[in-house]
Amino acid sequence: MNIEDFDTPEKPDFARANGAPMVMIGEKRIRMSRPSGFAKPLDDESALTNWRIDTACFGVAGDKALQARYVSTKRDDRKAITALREAAIQAGRGGEAAAIGTAIHAMSERWEDNDDDFNPPEPYLSALQAYTDEMDRIGVSSVLMECAFVNTEYNAAGTADRVYELAQPLITPSGEILPVGTLIVGDIKTSKTLEYSMGGFAAQMA
């Protein structure tokens, strides 16, 4: 496949039903799975669940407004409790980790845009420079960003952060050598650790 084979809007996204991408195939709209969903069985769910519980507990302990909202909520109000749970987790994380991750994705796009004179402050400048240095070391360059993919064999659809092109041969973990010019998919992760999700990330990328 060549880069010319791709035809994707500048900022693509799918119509969604409860978060699941909907794809037009012929004249029918098909509900697809998210690639990350296939990977869930490989995540260390017990450790991740414990982390979420601990984080939510600390979030509620330090937020009187959340405490009051929990007290006022009926236990059978599942919708309200779900929203409170996510708010508690965000509060436990300091409420900023997810927002920073989203912002870093946007920064990386500006950073790689040759027509943008983007000059971010620290600590983002060092992080983005480290990203560029690692791309140079591996020998890849971005040719597409936020690229929509549909896999009809597995009934999956999603948006990849990057499509990279190899500027030098790349040896895969299986020992296969990918030649110069090969296109590979990439996803930028801002997690502090891969402890819980390494298998899930690998399945998502595959």
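Listed conditions (1) in a helix (DSSP H, G or I); (2) in contact with a helix residue (DSSP H, G or I) (Cβ under 8 Å, 6 or more places away or on another chain); (3) of a type in the set (A, V, I, L, M, F, W, C) are all met by MET135, apart from (2). One residue stands out in the range 1-31 among those that are closer than 28 Å to ARG110 by Cα and either basic (Lys, Arg) or at pLDDT 85 or above (or both): the one that is surrounded by the fewest Cβ atoms within 10 Å (Cβ to Cβ), namely LYS11. Using the structure shown, decide if SER141 is part of a strand (DSSP E or B) and either of a type in the set (S, T, N, Q) or open to solvent by 60 Å² or more (accessible area, probe 1.4 Å) (or both). Yes. Considering the range 144-177, the residues that are assigned to a strand (DSSP E or B) and farther than 27 Å from ASP113 by Cβ include one that is nearest to the chain's Cα centre (by Cα), namely ALA156. Exactly one residue out of LYS74, LYS79 is basic (Lys, Arg), exposed (fewer than 12 other Cβ atoms within 10 Å of the Cβ) and either touching a Pro at 6+ places or on another chain (Cβ under 6 Å) or not in a helix (DSSP H, G or I) (or both): that is LYS74.
In the range 100-125, of all residues being touching a residue at least 24 places away in the same chain (Cβ under 8 Å) and β-branched (Val, Ile, Thr), the one that is farthest from GLU146 (Cα to Cα) corresponds to ILE100.
The values are calculated or read from the model by the stated rules, or taken from the named source; none is laboratory data. A quick note: this is a predicted structure, and the numbers were derived from the prediction, not measured. Every residue, glycine as well, gets a Cβ built from its backbone with ideal geometry; the counts of neighbours run over all protein chains shown. Note: areas computed on protein heavy atoms with side chains; ligands, DNA, RNA excluded. Shrake-Rupley method; radii C 1.70, N 1.55, O 1.52, S 1.80 Å.
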